[in-house]
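Right, one structure below, let's go through it.
The values are calculated or read from the model by the stated rules, or taken from the named source; none is laboratory data. This is a predicted model, so every value here is computed, not measured. Cβ coordinates were reconstructed from backbone atoms using ideal geometry, including for glycine residues, and neighbour counts include every protein chain displayed. What goes into the accessible areas is simple: the full protein's heavy atoms, side chains included, and nothing from ligands, DNA or RNA. Shrake-Rupley method; radii C 1.70, N 1.55, O 1.52, S 1.80 Å.
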Amino acid sequence: MAKYRQAAHLMPGVLICLIVATAARFLSDHYAAPTMLFALLLGLSLHFLVDDEKAAPGIRFAAADLLKLGVALLGLRITLADIGDLGVQTIGLVIGGVAFTVSIGIAISFLFGKNIKFGVLSGGAVGICGASAALAISAVLPASETRERDTAFIVVAVTTLSTIAMIVYPILGQALGLDDQHIGVLLGLTIHDVAQVVGAGFSVSEEAGSTATLIKLFRVSLLVPIIIMISFGFRRQAKQGNRSGVPWFVYGFAIAIVINSLGILPEPIRALFAALSTWLLVIGIVGIGMKTSLKSLGHVGGAALCIVCLETVLLFAVAAVILVFSQP
């Protein structure tokens, strides 16, 4: 009986987030812009709802628990066989790119007067998978007054930069004289969000699109080790229920990869859960938007935007130089 009461307590806020997420998806489909960006902007415009006693519990539930479940189900898009097909050299390049971006994010954040948490959050978002990584990393960082504000800001920044990169990077790749396979590696390694990687890759060719998508999915799989390291790194500050400091959704993400690799789930079921993952992430970002004051985003400052832009530019520059010199 208590569970039914709790569900009824959460329902108003969750339904509001679902309705707004549906509106964001509709706008995305009709105006060719990222769903996550629409979801966050619509959520920010409805910030007043978080002060409503009936809606607030469900909004907080969507921004935390539903979001984490969405991250866990992301693993159903990846298989171990796909990762193995990349080859040792490419795997090393991707891992190095992620490590470089997170490290440079921390260093640049110190230079601009930001703390290590902002560097980890921004570097992880740029280096791994954009908005999804920002949401996942934010969930394991110690709670603070600025965590959700910084997360919302980074989601807007990386989503916008990802959209720009989707248009500009294929042109730059061809200008550098890269063949389709190397352009695919470059796009998969440097564009932040999955959807934009797919769009950029297939705008070049089928080969470039397939390569870029595979590289990107491997970057997504690196969420597991990165979040585990972050969890242990901040375990003294964070209040984790798990003794190991590793949140439950990281285990869920890893288990989902294994299940998908074994082919246990029929394709329609797997596709259904993969789609559910996308919806849960959109609902979660709506919740984060509603919990964040639009006015507070202005307090993040120009330094934060410079940090994200520098991380993006440096990742592309280093990857491009390596690929140009490694191409036969």
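Annotations
- Unique residue being under 18 Å from Gly127 (Cα atoms), of a type in the set (A, V, I, L, M, F, W, C) and at pLDDT 90 or above when the list is Leu74, Leu93: Leu93
- Qualifying residue in region 219-232 (condition: crowded, with 23+ Cβ neighbours inside 10 Å and among the charged types (D, E, K, R)): yes
- Of all residues in region 154-171, one or more are open to solvent by 50 Å² or more (accessible area, probe 1.4 Å), touching a residue at least 40 places away in the same chain (Cβ under 8 Å) and either more than 16 Å from Leu314 (Cα to Cα) or of a type in the set (Lys, Arg) (or both).
- Within region 250-274, residues that are in contact (Cβ under 8 Å) with a residue 12 or more places away in the chain have Cβ atoms under 6 Å from residues that are outside any helix (DSSP H, G or I) and crowded, with 16+ Cβ neighbours inside 10 Å in these pairs: Ile257/Ile78; Asn260/Thr79; Ser261/Thr79, counting only partners at least 6 apart in sequence or on another chain.
- Once region 89-116 is narrowed to residues that are in contact (Cβ under 8 Å) with a residue 60 or more places away in the chain and outside any helix (DSSP H, G or I), the residue that is nearest to the chain's Cα centre (by Cα) is Lys114.
- Any chance Ala131 is open to solvent by less than 20 Å² (accessible area, probe 1.4 Å), more than 17 Å from Val14 (Cα to Cα), of a type in the set (Gly, Ala, Ser) and part of a helix (DSSP H, G or I): yes
- Within region 300-328, residues that are open to solvent by less than 40 Å² (accessible area, probe 1.4 Å) have Cβ atoms under 8 Å from residues that are part of a helix (DSSP H, G or I) and of a type in the set (Phe, Trp, Tyr) in these pairs: Val300/Phe153; Ala304/Phe118; Ala304/Phe153; Ile307/Phe118; Leu315/Phe100; Phe316/Tyr169, counting only partners at least 6 apart in sequence or on another chain.
- Among the candidates Leu46, Leu121, Leu80, the residue that is surrounded by fewer than 21 Cβ atoms within 10 Å (Cβ to Cβ) and at pLDDT 90 or above is uniquely Leu46.
Yes or no, residue by residue, for (1) touching a strand residue (DSSP E or B) at 6+ places or on another chain (Cβ under 7 Å); (2) farther than 20 Å from Gly177 by Cβ; (3) in contact (Cβ under 8 Å) with a residue 40 or more places away in the chain:
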| position | (1), (2), (3) |
| --- | --- |
| Val194 | no, yes, yes |
| Phe202 | no, yes, no |
| Ser205 | no, no, no |
| Thr211 | no, no, no |
| Leu214 | no, yes, yes |
| Phe218 | no, yes, yes |
| Ser221 | no, yes, yes |
| Ile226 | no, yes, yes |
| Ile230 | no, yes, yes |
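- Leu66 being closer than 30 Å to Ile167 by Cβ and buried (at least 19 other Cβ atoms within 10 Å of the Cβ): no
- Matching entry among Val185, Val198 (being part of a helix (DSSP H, G or I) and surrounded by fewer than 24 Cβ atoms within 10 Å (Cβ to Cβ)): Val198
- Answer residue from region 4-15, given it is aliphatic (A, V, I, L, M) and more than 23 Å from the chain's Cα centre (by Cα) and is surrounded by the fewest Cβ atoms within 10 Å (Cβ to Cβ) among those: Ala8
- Among the residues of this structure, Phe61 does not count as one that is buried (at least 18 other Cβ atoms within 10 Å of the Cβ), of a type outside the set (Asp, Glu) and closer than 30 Å to Val197 by Cβ.
- Within region 301-328, the set of residues being under 17 Å from Lys216 (Cβ atoms) and either among the polar types (S, T, N, Q) or touching a strand residue (DSSP E or B) at 6+ places or on another chain (Cβ under 9 Å) (or both) comprises just one member, Thr312.
- Tabulated pairs, region 18-37, first surrounded by 15 or more Cβ atoms within 10 Å (Cβ to Cβ), second part of a helix (DSSP H, G or I) and of a type in the set (Lys, Arg), C-beta under 7 angstrom, 6+ apart or interchain: Thr35/Arg25
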